[in-house]
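Below is one structure, written out as structure tokens, with a few remarks after it.
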Amino acid sequence: MDQFIVKPLFGDGPIAWYTPTNVTLWMGLAVLAIIALLVLSTSKRAIVPSRGQSIAELAYGFVYKMVEDVAGKDGVKYFPYIMTLFMFIVCANFLGLIPMSFTTTSHIAVTVVMAMAVFLTVTILGFYLHGASFLKLFWISSAPLALRPILALIEVISYFVRPVSHSIRLAGNMMAGHAVIKVFAAFAAITAIAPLSVLAITAIYALEVLVSFIQAYVFAILTCVYLKDALHPHH
């Protein structure tokens with residue numbers, strides 16, 4: 001698990017909140033990758049797009065359609081926030097696949113901040129738009145009256161569990177995939193099974209490429225679902 005250890009970039013002293021670490025380095029690189037893809041590659045706005053512009057346009061259209069389909073027309077105004085989340089996660093995930101790099105999204109400290117930001121944003125937005133009526137989200141009026149208080153309690157618990165599941169899902173999947181690759185890499189030193197180990201690493205690496213995108217998609221689409229609840233708090 002040494003690949004997940006947070007280390008200072010300069011020296012070997014204790015790590016404080018202001019200490020530059022490998023986490024901050026790769027988070028910064030993820031931001032630079034987003035700028036290069038969405039700003040620099042699209043600056044010319046060519047009629048015949050370059051590869052970078054094509055990828056940027058595909059990403060834009062993909063996330064926009066997702067927000068519109070899940071959160072509705074009312075949710076489109078919050079598209080920039082969801083686009084930012086998606087691009088940061090997918091870039092951080094893909095950068096983490098580079099050998100000797102660091103996967104920032106494998107750390108719960110990173111994913112929980114994003115999950116709590118989503119949770120607080122949709123909660124504040126829900127009360128801002130609907131006031132006390134936002135509490136209708138927890139009251140299932142279509143259920144029998146005797147069951148409504150019990151279901152309301154379950155809904156409240158599930159609502160406050162959202163940031164936990166939202167953050168652990170991303171961090172757990174990224175950590176698990178990289179840990180499995182490291183395990184098979186250790187077997188590559190054994191001559192008798194080295195070919196099988198290399199094949200296994202190649203297969204898992206290919207799977208991790210897919211998982212890196214899927215986890216960014218899952219995080220973004222769950223954000224859209226929570227946003228929909230804030231915009232339309234009724235069952």
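Among the candidates 213, 134, which residue alone is closer than 30 Å to residue 66 by Cβ and open to solvent by 70 Å² or more (accessible area, probe 1.4 Å)?
Every option except 213 fails the conditions.
Are there any pairs with C-beta distances below 6 angstrom linking a residue in segment 78-101 that is over 16 Å from residue 169 (Cα atoms) to a residue that is among the hydroxyl-bearing types (Ser, Thr, Tyr), with the two at least 6 apart or on different chains, and if so which?
79/64; 82/223; 94/212; 95/101; 96/103
For segment 144-167, does any single residue satisfy the condition of being in contact (Cβ under 8 Å) with a residue 40 or more places away in the chain, among the charged types (D, E, K, R), closer than 18 Å to residue 94 by Cβ and surrounded by 13 or more Cβ atoms within 10 Å (Cβ to Cβ)?
Our first condition is that a residue be in contact (Cβ under 8 Å) with a residue 40 or more places away in the chain; within segment 144-167, this holds for 162-164, 166-167.
Pick out the ones that are also among the charged types (D, E, K, R) and you get 162.
Right, trim to closer than 18 Å to residue 94 by Cβ and you get none.
Within segment 144-167, none of the residues are in contact (Cβ under 8 Å) with a residue 40 or more places away in the chain, among the charged types (D, E, K, R), closer than 18 Å to residue 94 by Cβ and surrounded by 13 or more Cβ atoms within 10 Å (Cβ to Cβ).
Report every pair of residues separated by at least 6 positions or lying on different chains whose Cβ atoms are under 9 Å apart, first residue within segment 178-191 and touching a residue at least 40 places away in the same chain (Cβ under 8 Å), second open to solvent by 70 Å² or more (accessible area, probe 1.4 Å) and outside any helix (DSSP H, G or I).
Close Cβ pairs satisfying both conditions: 179/1; 182/1.
Could you check segment 36-131 for helices (runs of 4 or more DSSP H) lying wholly inside it with 3 or more residues that are more than 13 Å from the chain's Cα centre (by Cα), over 21 Å from residue 208 (Cα atoms) and modelled with pLDDT under 95?
By residue number, 51-71, 108-130.
Quickly run through segment 184-206 and pick out the residues that are open to solvent by 80 Å² or more (accessible area, probe 1.4 Å) and closer than 19 Å to residue 4 by Cβ.
Passing the criteria: only 205.
Anything in segment 156-183 that is farther than 17 Å from residue 116 by Cβ and of a type in the set (S, T, N, Q)? List them, or say none.
173
Name the residue that is surrounded by the fewest Cβ atoms within 10 Å (Cβ to Cβ), counting only residues in segment 12-24 that are of a type in the set (Val, Ile, Thr) and within 20 Å of the chain's Cα centre (by Cα).
Here the answer is 24.
Considering only residues that are open to solvent by 40 Å² or more (accessible area, probe 1.4 Å) and without any contact (Cβ under 8 Å) to a residue 12 or more places away in the chain, which ones fall in segment 25-45? If you could, list the steps in order and put the result at the bottom.
Applying the first criterion (open to solvent by 40 Å² or more (accessible area, probe 1.4 Å)) to segment 25-45 yields 25-27, 29, 31-32, 35-36, 38-40, 43-45.
Residues satisfying the conditions are 32, 35, 39, 43, 44, 45.
From (1) among the small types (Gly, Ala, Ser); (2) over 25 Å from residue 171 (Cα atoms); (3) out of contact with any helix residue (DSSP H, G or I) (no Cβ under 8 Å at 6 or more places or on another chain); (4) in a helix (DSSP H, G or I), pick out the condition that doesn't hold for residue 28.
Every listed condition holds for residue 28 apart from (2).
The values are calculated or read from the model by the stated rules, or taken from the named source; none is laboratory data. Just so it is clear, the structure is predicted and the values come from calculations on it, not from any experiment. Cβ atoms come from the backbone with ideal geometry, glycine included; neighbour counts cover every protein chain shown. Protein only, heavy atoms only, side chains kept; ligands, DNA and RNA dropped before computing areas. Shrake-Rupley method; radii C 1.70, N 1.55, O 1.52, S 1.80 Å.
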